[in-house]
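Following: one structure in structure tokens, then a few remarks.
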Amino acid sequence: GCMMNGKLYPLGHIERTENCKTCDCKEDVMRCCSIVINLPDYDKGKCKVLFNRKHCHYDVVQKDDPSKMCPLAVRV
């Protein structure tokens, strides 16, 4: 297996690690890529970013009411 951050993973493809990565574990090497999507543009004055480790994505919420999501800017 392969060791990452103190955890042993089996040989083969690992769909998702605890650190939000997908990996291929081989006898001599472990190669990984992040599965987290880049953070979109948002109003930094009114909003803040929270990382949702359970779902491996960012939640952009209102600073004054974190129960409400912020609108995200769409890049064209």
Handout entry: Residue-by-residue Karplus 3J(HN,Hα) for the range 26-36, coefficients 6.51, -1.76, 1.60, Hz, glycine and proline x
Key = 10, 4, 10, 7, 10, 10, 9, 9, 5, 9, 7
Fill in the blank from the handout: Sorted by chain and number, the residues with a modelled amide H under 5 Å from that of residue 70, at a separation of 5 or more or across chains, are 60, 61, 62
Completion exercise
Close lysine pairs (the chain; alpha-carbon distance under 12 Å; 8 or more apart or on separate chains) counted at 5
Exercise for the section: Would you please give the residues with an amide H less than 5 Å from that of residue 4, counting only those at least 5 places away or on a separate chain, with H modeled from the backbone geometry? Expected result: 9
Exercise for the section: Mind putting together the pair-distance distribution for the chain? All Cα pairs, 5 Å bins, whole percent per bin, short to long. Expected result: 3, 15, 20, 15, 12, 10, 9, 9, 5, 1
Handout entry: the chain, relative contact order in percent, only Cα pairs under 8 angstrom and at least six apart counted
Key = 20 percent
Fill in the blank from the handout: Carbon plus sulfur, as percent of the 1.4 Å-probe accessible area of the chain, comes to 53 percent
Fill in the blank from the handout: Within the chain, the cysteines whose Cβ lies no closer than 4.7 Å to any other cysteine Cβ are 33
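The values are calculated or read from the model by the stated rules, or taken from the named source; none is laboratory data. Keep in mind that this is a model prediction, so the values were computed, not measured. Glycine gets a Cβ as well: all are built from the backbone with ideal geometry, and neighbour counts include every protein chain shown. Areas reflect the complete protein model, heavy atoms only, side chains present, ligands, DNA and RNA absent. Shrake-Rupley method; radii C 1.70, N 1.55, O 1.52, S 1.80 Å.
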